[in-house]
Structure formats: C-alpha cells, structure tokens
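Novice: Mind having a look at this structure? Questions to follow.
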Amino acid sequence: MTFMEETIHNSLAVWDACLQTKFIKEMQAGTLPMEKFAFYLIQDTLYLNSYAKVLGKAIYLAENLNEIQLYTSILSFVTDTEAMVRHDYLHQLKMAENILETAEEAAVNKQYTHFLLELAKTNDSAQILMGILPCMLSYAYIFHKLAADTVSQSPYSDFIKGYAEENINEEFKLWCEFADAKCETVNALKKKELSAIFEKASKFELAFWEMAYKEDTK
C-alpha cells in the first residue's frame with residue numbers, strides 16, 4: 001500500500017463510525033430534523049472559515065507552482081462549492097444572512113479548528129496537509145456510501161449526492177497522489193506522526209457529526 005492508502009486504511013474504522021451516527025442515519029433516511037441540519041450548516045460554515053485560513057498558510061509554504069495549484073484547487077472547492085452550497089441551504093431555510101456573523105462555534109468546532117490552526121503554526125506543510133485532508137476524503141467516503149441508499153424524497157438527497165459525484169472523487173484522488181509524493185521521502189517515524197495527525201482529524205470529523213445531538217444535552 002502507498003502511504004496514503006495505509007493512512008486512510010488506519011482511519012476507516014473512524015469513518016465507518018461516522019456512518020453510524022444518528023445525524024448521518026437520519027440524513028440518509030430523510031428524517032433529520034431541519035433545525036439539526038441548520039445547526040450543522042452554521043457550524044460547518046464557521047469551520048470552513050478557519051479551514052480556508054489553514055489552506056492559505058499551506059499555499060504560503062508551497063515549494064513550487066504545482067503545489068500552489070493543488071492547494072488552490074482545495075481552497076476553491078471550499079470557498080466556491082462548499083461555502084456556497086451552505087449559504088444556499090441557509091437561504092432556503094429562510095435564515096437571516098447575518099446569522100453567521102452572530103453565531104458562536106460549538107465546543108467541538110472550536111477544538112477542531114484550534115487543532116488545525118495550531119498545525120498551521122508549525123510551518124510544516126506535510127502536517128498541515130494531513131490535518132486538512134480527512135475533512136475532504138472522509139466526506140467522499142461517507143457520502144458515496146450514503147448516495148447509493150438515500151431515499152429519493154429525502155430533503156437532503158441533493159446535498160448527499162453532491163459529494164458523491166465522480167468529478168469530486170477524481171479530484172480527491174489527485175490530492176491523495178499529491179500527499180503520497182509529498183511524504184515519499186520522509187522517514188518511518190515521521191510517517192507515523194503524519195498518520196496520527198490524519199487519524200486525529202478523522203476523529204474530530206466523527207465528533208462533528210455527533211455534535212448536533214450532543215449539544216442538546218448541555
């Protein structure tokens with residue numbers, strides 16, 4: 001296995017746990033309460049703001065034009081695709097535009113974004129890459145599985161299918177190939193460290209999917 005194949009394999013149990021969360025199961029069945037989805041949209045939009053900043057640091061640290069183009073493609077996906085989809089859904093839910101200006105990050109969201117922003121401070125582009133990839137790659141894995149069985153009448157079917165499109169999966173493959181090339185020459189100890197960062201970010205993804213229901217218990 002390549003480095004990324006092994007790294008992803010080590011986090012698959014976490015990604016599969018995401019599929020078993022109440023939020024994901026209800027989204028797939030179309031029974032997820034709309035207020036839960038709205039909460040997720042708001043928190044994820046706030047998360048993407050920090051995510052974009054971390055990508056900005058990765059672009060700054062890029063060693064050549066190819067790396068700049070790769071990171072820019074990820075940034076474009078975040079700002080031009082994901083953020084706009086979330087804004088469109090919030091508009092459909094008739095939620096005021098300024099809600100994002102007044103909304104506060106939930107505890108899990110704060111922990112996740114703090115983790116990523118701290119990685120950015122290391123000036124280690126490989127660490128930053130391992131921190132940001134689980135968000136994208138786990139979504140591809142999760143939503144590809146969801147798309148096959150999501151009920152057509154689910155109000156979330158378009159959202160789910162958007163992440164299962166083949167062109168997105170092709171882009172994600174390119175990012176994995178880039179990560180393999182980036183980490184090709186690092187020693188075994190460093191690879192273990194990078195894989196641990198990837199797994200930790202994956203666990204934050206799991207906590208993020210659990211967040212809408214756990215917030216109710218506070």
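Novice: I'd like the orientation of helix 3-19 relative to the chain: the angle between its Cα long axis and the longest Cα principal axis, in ° from 0 to 90, rounded to 10.
Specialist: 20
Novice: Here's something else I'd like to know. Using only the alpha-carbon atoms, how far is helix 34-61 inclined from the longest principal axis of the chain? Give it as 0 to 90 degrees, nearest 10.
Specialist: The two axes meet at around 20 degrees.
Novice: Given Lys191/Lys214; Lys173/Lys203; Lys53/Lys192, which pairs have Cα atoms separated by over 30 Å?
Specialist: Lys191/Lys214
Novice: Still on this structure: Leaving out same-chain residues fewer than 8 places away, which aspartates and glutamates sit with a Cα under 16 Å from that of Lys57?
Specialist: By straight Cα distance, Lys57 reaches Glu67, Glu118, Asp124.
Novice: How much of the accessible area of the chain, in percent, comes from carbon and sulfur atoms when a 1.4 Å probe is used?
Specialist: 54
Novice: Moving to a separate point now. Quick one: helix 65-76 against the long Cα principal axis of the chain, what's the angle to the nearest 10°, folded into 0 to 90?
Specialist: 10
Novice: At 1.4 Å probe size, with no ligands or nucleic acids counted, give the accessible surface of Trp175 in Å², nearest ten.
Specialist: The accessible area comes out at roughly 0 Å².
The values are calculated or read from the model by the stated rules, or taken from the named source; none is laboratory data. Keep in mind that what you see is a predicted model, and the values were worked out from it rather than measured. To get the accessible areas, we keep the full protein, side chains included, count just its heavy atoms, and leave off ligands, DNA and RNA. Shrake-Rupley method; radii C 1.70, N 1.55, O 1.52, S 1.80 Å.
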